[in-house]
Each structure stands twice: as structure tokens, then as C-alpha cells.
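The values are calculated or read from the model by the stated rules, or taken from the named source; none is laboratory data. Being a predicted model, the structure only gives us computed values, none of them experimental. FYI the Cβ positions are ideal-geometry reconstructions off the backbone, even for glycines, and counts take in every protein chain you see. Please note that ligands, DNA and RNA were not included when accessible areas were found on the heavy atoms of the full protein model with its side chains. Shrake-Rupley method; radii C 1.70, N 1.55, O 1.52, S 1.80 Å.
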Amino acid sequence: MTGSLFPEEAPESQDSKRTCARVALPVPSHQLFDYALPAELASEALVGCRVRVRAGGQGMVGLVVSVGPAELDERRLQPIQKLLDASPVFPPRLLAALLEEAREVLCPPGIALHAALPPGGTPRTVRALALASRGQEALRVGAIRDEEAALLTWLGLRPRTAAELARRAPELADRLSAWERDGLIHRVLDERGPRSRVPRERWAQLASSCDPEALLEGPLARAPRQAELVEALRAGPSSVAALAERFPRAAAGLRSLERRGLVDLSERDVLPGAPDREPDKEVILTAEQRAACEAIGAAVERREPETFLLHGVTGSGKTEIYMRAIAEALDRGRQALVLVPEITLTHQILGRLRARFGDALAVLHSGLKPSERLAQWERLRRSDVPIAVGARSALFAPLRDLGVIVIDEEHDSAYKNEEGFRYHARRFAARRARAEGCPLILGSATPSLEVRYAAERGRIRHLRLEHRPSGQPLPGVQLVDLRQERAALPRGRKLILGSSLLRGLRETTREGGQAILLLNRRGFSTQIACFECQYVCRCKHCDISLTYHAGQNQLRCHYCDHREAPPDLCPECGADSTALLGIGTERLEEEVRVHLPEARTARLDRDTAARRGATEEILRGLREGAIDILIGTQMVAKGHDFPGVRLVGIVNADLGLHFPDFRAAERTFQLLTQVAGRAGRGGLPGRVILQTSSPDHYAIAPVATHDYEGFYRQELSHRASLGYPPLGYLAQVRVSAEDEARAAGFAERLASCAQQASGNVPCEVLGPAPSPISRLRGRYRFQVLLKHGDPQVVREAAEQVAAALERVPTGIRASIDLHPVDML
């Protein structure tokens, strides 16, 4: 084992002595590990390939990042056991960018590379049991009882894990230890393939030498079933499964035709169902769009890694500019990568892309089955298709010659990965763009402060789209003061839909329009509380109140998914005067059905979206006019284009505004502006009714006038006074443990490490302190913030913490995030 704590990028394979492979292993170490090359691998192109090695007394799968002379005596190095890939899983420029990003965010390289591969696609080694020679002999002479002999015979076919044997014969599970003591079985390491495999299906097509007319009139005239198959295949290749649905005994008929050389049978990857293809309308660009296309097109042509902020109001035609940039890259024989923040948005943009570019694209996101995701990744790796589309992890698509990268809704916090490899898609996309020599487009109606500030400083190019191409004005926004609305209500009555919003819903549905209602809180009621003693039902694993879900009559924790039945009496004092406080999307849906019983209503939140395909079904219903009112959380706010939506109602704009997070105001403004932009995208004007108890707040008042710049200036001045990004730099240390004292003690130790960082200017170390959510999933949580105006000062302190994280005590989890987004 060799290498420094934060190793410099190792050069690719050299022509000098190839005696050693430097391997990144998925372990919490920043070191790379040297392994000797067996003679049979000495001539292989290993960089970017996975290999099986021994480390710490066990088999592991690592990835070769360089090949070159060994720093140690080659005889002291362990050899690579097996090469697992015939070709690299990462193209060279992607591999280099991943290693650079891992160093930047202080992530061990092996963990970063492992995270960039499709889940379940890596070969694995498992601890298993195998039939020993003594067991074989015992079976041969009949010395084993019948029921035990059946299990041992099955084990003799290949090694099995103890769990597999227990599932096969539960009644014999307790015999495994005795068999091992008697020498009938022994422990082995069993090499197995990936958990996920690319699904395949059989396809048939007419042989190139086949003349269908001659066949039907000649040899097949007396074979009607085979003739039917040939006639069907004249229209083009077809899956065997599809033919079997139409013709009885199709499989046997196809095999007969294959033997006669008339049909070719092959296997193809099974791909997930594609969304409906939208009609590709001819678009006449506005002057603003044309200027943006020309600037981006010139960067594509020059292979210039320039970053563009495409800052356009909602409905300003940003997607059309993406399409033209992609076409520009494809026309030059290059590839394109498109990122969206939510899985729900991939369906909409996929429809647009398929209308323009056909099926020459692959989709990558966590909503796919692992086997489907692996199939799409393999298509990109083989360069079968030139366009990759997906959520955050699609950024790791193995594209070899990128011509453009697009990040839609760049401000969205979903682009930050919060576990393991803590990269931000926006930052890593810029790194990939530099490596590939291609432009990066960051699109948003409400850019993040970091991106808008970078544009102001001239670090990225600012392209503005200030008008909708249709000529329609932005929707009018009415602020409704909930304090005044509540004052007019009878005492004790809960206000959900104010008079203005209720009147707007009735008018909109009566006129044949559609409405979206936003309430960024799911469930029926946010908590159950006792009027007598003020007890609130809380999760026993988290420092969070339980949410009541009426559909299941359950209290649920939205963090760890703990569930329990609602109490009939107060668990604290025994009183029966408990109440449902706060409202969620379930309660809002009930309220809408009471006041507008004739309206066709649907709900879109994480609960309704849990069923596979449900989200597309709901959005299709809204698009096709089958839904009058859609109620939802932030899932309904992002990037959707529904021409029939004339009204957007925001039930409570203040949710999230007072979170203990310095970005709370920014996120509130972005969410409200984004959902407001769903209105008035068709031929008729739209309107927005926004209910709030803080109509004068600087994050809410500018929404009424669509004044992004006004909000940006105010928020920037607040950040400047506190030294928060983008005018200062932060790193966040998190520590958790089931024992509160141990978590607090280790957090204190890490804070001390940060304070000991060498440098002329000390880093400000805040904490340790309990995290805003102080207990989560049964673990107590503490955090330390490192803060300074110089990023290098913060980095030096963070590196001291990262070094200590290689020796984390058992039972404690700890991490360092150099660019934190979630402060809770």
C-alpha cells in the first residue's frame, strides 16, 4: 500500500515498466493501493477497469487508476487476482474528472468511483459454504440421512451462503455448524456476478438473403404457420414474445425458419418503456432566444468549456434553447448530457427530446429498476446512443465525446448528493465540461445565489430571457394576508382555503380551466397534540413530531418511516381532548372535495408517487384535461408545462421560511416563484393567489412582482453581513451515534482537529452543537461548522478533520462536507 492522504492524480499508463497497478478500493481511505501485475495482464489496457484483489484478508473489487513502476519492491506486492472488464468502465476524461472531484470534496477515491457506477452492476465476492471432499465421500457411500443428503447434494452443485441454505431447508439451518465441525462442508469465498444484469429478450428478423414473395409462393405455401411469421416479419424485426402473443407456437416456427436460414434470431437489451412522444412543433425563436442560441452554438463549435447562466422567466422557452444546443453538438458528431432535478421531470423532457431526436437517447435515474438502469448505462458505454438524460447521477454517464451539458432548474437542492461522495452536480458538471471541452448551460428562472453572483463577477456568461415567446404576460399574483382572513372567521374554525382562493377555484373550474394547489407538507395533519398538557406525539427514533395520515389511519415519521396507531387518549396525561394540528396535502384534498364536489381532483406527493408509474399517470391526466385541480407538494412546482392551468393557489407560503438554515429565504422565494410560473402558459392569462402570514417578508413580497433581482440584492446583503456563501465559505462536520455522550465527545475531538490546522489565519470553528434535528433514526446528531472568507483556510481545517475521519470509533458515523447545502 502506498500513496499520500490526498494523492495527486496519477498519470495514465506509461510505456515504461508496467509492473504495478494503482487501485482505488471502496474503503474510507484516501490512499491508493499498489498491486503487482500478473504476466497475463501486463499487456492489457487496465486503466479504468475493475479488478478483483485481496485487501485486509478479504476479496474486494477495485478500479485501476494508473499503471506504472512500483514504488515498492514488486515482490512485496500482492498480485491482481482477476480482471473483471474487457474494456474500461470509465472513459479516460471522466475517470480523471472523478478523481479530481473526489480530492476536491475530500472523499476517498474508491468510494467516489464506486458511487459513480450503476448500483448492482459490480461483480462481488461473498462468504459461502462449499461441500468438502469428506462430504462428497459421505454422500457417495450413503452415510447421510435422506433429508440432509438432499441439501448437501444441492450444495455440491456450487457454493451457497448460509442464508441460501437456510431458505432452502429451514429445518436444517442449525446443522450447518455441526457439518462444518465434522469436515463435511467448509468456508470459501465465492465469486459472483453483479446483482443486477441487463435484461435480454429474443428478437427475430428475416435473413438478408430471404425473398419473402418467393417463399410465400413456394416453400412455405404448405406451411401456413411459418408463412404467417414471415408475413409479420416483412414489416420489420419483432420480439419473439410479441410474435408469440399473435401466433400460436411461434417459438417453434421461428426455430424451424432459423434452421432453414430464413430467419435470424438474436438477443437484445430490454429497455424501459419510453414516454409518449410529444409532437415536435416548429418554433420561431424570439430575438432573446436567437441571441442565446448563437452564443451557445459558437461555444459548441469552438469546443469551448464556457459556462452559461440561461436566466429566463418561467415559460420563456429555455427548453427550446437546450434542444438547439443538443442538435448543434450532435451535428458535429458529439454527445449531449441533460440533467433535471426530479425524476418526474425526466418524462416531460424525454417526450420533447424523442420528438426532436427520435430514440437516440438513454435515461438514467433511481426510479428505474437496477437492471433497467444498467441496460441504459451499457448503451451509453457502447456509444449506441448519443444523448443521456436523467437526474443527478446521470452526470456519471460514460459518454466519451461530450459536446454540451445542460442542467435544468440548476438552483434545485436535489443536485447535491448528501451521502458518501458529497458532490454537487453543478460543480462536477463544470469540471466535466472543462475536461471535455464543451459548454455548460445552467438554466433557471430563479438562479441560485452562487450562480447569479458568479455571473455578476464575470466568471460565467449571463444570458437573459425576460419575456415569454407567446407574448403572454407573467401571471398576476395576489397576496392574501392570512392574519386578516383568520380574524374574520368564527373562533375555533381552522382556515385552509381563504375566501379569495376558494372563489378563484370556483371561477376557474366553472370556466373550464385547471388549477394547481401547492402545500409543501404531505399527510393529513402535521401533529397530534393534547389540549390539556400540550403533549405532542413524536417519533421514538427521531426528534420529529409524527404526521397523521388519514388514508392509513396511522401516525408516520417522514424521516425514518416509523409508524404507529393514533392514540385514543393522551399518552402523557390520559385526557381525551387531543386535536389534529396543522394540515397536509391529504387534509387539503379533503377540504377541496367538500367545497368543490364536482371538480375532478388528484393529489401528487411522495405518498401517491410511491406506486410505480403513478406520477406519470397523474401528470398525464392534468395534461390531457382529465384533472381539474391538482394538489401537491413541491413536486408540482418544478418545470412542468400544462397549458390548461390558469390558476395556481399557494395555501401557506410561510412553510419553510423560518427553518434554521441560512438558505431558507432563498428556497422559499424560488419555490413560490417556480409554482407561480405554472399558470398562464396557454392562450389565456393566468393568476396566482398566495396565502401568507408574512406578506411584507423580503422573500415573499417580490414574488408578487416577479422581481428576482430585488430579492437577490436583499438576500446578498444579508449573506454579506454574516459571511455566508457566496460571500464566504463553509464546511460542515456531522457526527452521529446511538449514545449521545459518545457523539458529542467525538464531535469535540473533530472540532479540536480543525482548530489545530496550521496556517497564518485561523479558521472560525462553530460548535460542536446539536444539529437542528438533534436525533434521527435512533442516533444523536452533532455538527461543527468551519467558516472563513478564504476558501483555502476552510479547506486546510477540513483536511485536518478528513484525516481524523480515517479512524472513526466503532458505532460512530462522521462526515465532512466542503460545500454543504442541507444544514438540518
Tell me yes or no: at least one residue of the stretch 768-779 is at pLDDT 90 or above, open to solvent by less than 20 Å² (accessible area, probe 1.4 Å) and of a type in the set (Gly, Ala, Ser). no
Only strands (runs of 3 or more DSSP E) wholly contained in the stretch 572-674 count here; list those with 2 or more residues that are surrounded by fewer than 22 Cβ atoms within 10 Å (Cβ to Cβ). 578-581, 601-604
Restricting the stretch 374-433 to residues that are under 27 Å from residue 447 (Cβ atoms) and acidic (Asp, Glu), the residue that is most open to solvent (accessible area, probe 1.4 Å): 419
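Does at least one position in the stretch 462-483 carry a residue that is assigned to a helix (DSSP H, G or I), open to solvent by 80 Å² or more (accessible area, probe 1.4 Å) and free of Cβ contacts under 8 Å to residues at least 12 places away in the same chain?
First, pick out the residues of the stretch 462-483 that are assigned to a helix (DSSP H, G or I): 482-483.
With open to solvent by 80 Å² or more (accessible area, probe 1.4 Å) added as a condition, the list becomes 483.
Subsequent filtering for residues that are free of Cβ contacts under 8 Å to residues at least 12 places away in the same chain retains none.
There is no residue in the stretch 462-483 that is assigned to a helix (DSSP H, G or I), open to solvent by 80 Å² or more (accessible area, probe 1.4 Å) and free of Cβ contacts under 8 Å to residues at least 12 places away in the same chain.
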Can you tell me which residue among 698, 708 is within 20 Å of residue 316 (Cα to Cα) and of a type in the set (Phe, Trp, Tyr)? 708
Picking from 600, 593, the residue that is free of Cβ contacts under 8 Å to residues at least 12 places away in the same chain and in contact with a strand residue (DSSP E or B) (Cβ under 9 Å, 6 or more places away or on another chain) would be 593
Just to be sure before I move on: is residue 698 without any contact (Cβ under 8 Å) to a residue 40 or more places away in the chain, open to solvent by 40 Å² or more (accessible area, probe 1.4 Å) and touching a Gly at 6+ places or on another chain (Cβ under 9 Å) in the structure I sent? yes
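For the condition at pLDDT 85 or above and in contact with a Phe, Trp or Tyr (Cβ under 9 Å, 6 or more places away or on another chain), what is the one hit in 160, 202?
160 is the lone residue from the list that is at pLDDT 85 or above and in contact with a Phe, Trp or Tyr (Cβ under 9 Å, 6 or more places away or on another chain).
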Identify, by number, the condition in (1) at pLDDT below 90; (2) within 24 Å of the chain's Cα centre (by Cα) that residue 89 doesn't meet. (1)
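Mind checking which strands (runs of 3 or more DSSP E) fall wholly inside the stretch 714-824 and carry at least 2 residues that are closer than 30 Å to residue 447 by Cα and out of contact with any helix residue (DSSP H, G or I) (no Cβ under 9 Å at 6 or more places or on another chain)?
Working: elements: 729-737, 764-776, 779-788, 812-817.
Answer list for the stretch 714-824: 764-776.
For (1) surrounded by fewer than 21 Cβ atoms within 10 Å (Cβ to Cβ); (2) without any contact (Cβ under 8 Å) to a residue 12 or more places away in the chain, each residue gets a yes or a no:
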site	(1), (2)
51	no, no
59	yes, no
65	no, no
95	no, no
99	no, no
127	yes, no
145	yes, yes
154	yes, no
158	yes, no
Residues being at pLDDT below 90 and under 26 Å from residue 438 (Cβ atoms) - total across the stretch 275-306: 2
Being touching a helix residue (DSSP H, G or I) at 6+ places or on another chain (Cβ under 6 Å) and either assigned to a helix (DSSP H, G or I) or more than 24 Å from residue 669 (Cβ to Cβ) (or both) is the filter here, so list the residues in the stretch 400-423 that pass it. 402, 403, 404, 405, 415, 420, 421, 423
Give the residues of the stretch 101-125 that are open to solvent by 10 Å² or more (accessible area, probe 1.4 Å), over 19 Å from residue 53 (Cβ atoms) and among the charged types (D, E, K, R), sorted by residue number. 103, 104
Could you say which residue among 221, 149, 163 is open to solvent by 50 Å² or more (accessible area, probe 1.4 Å) and part of a helix (DSSP H, G or I)? 163
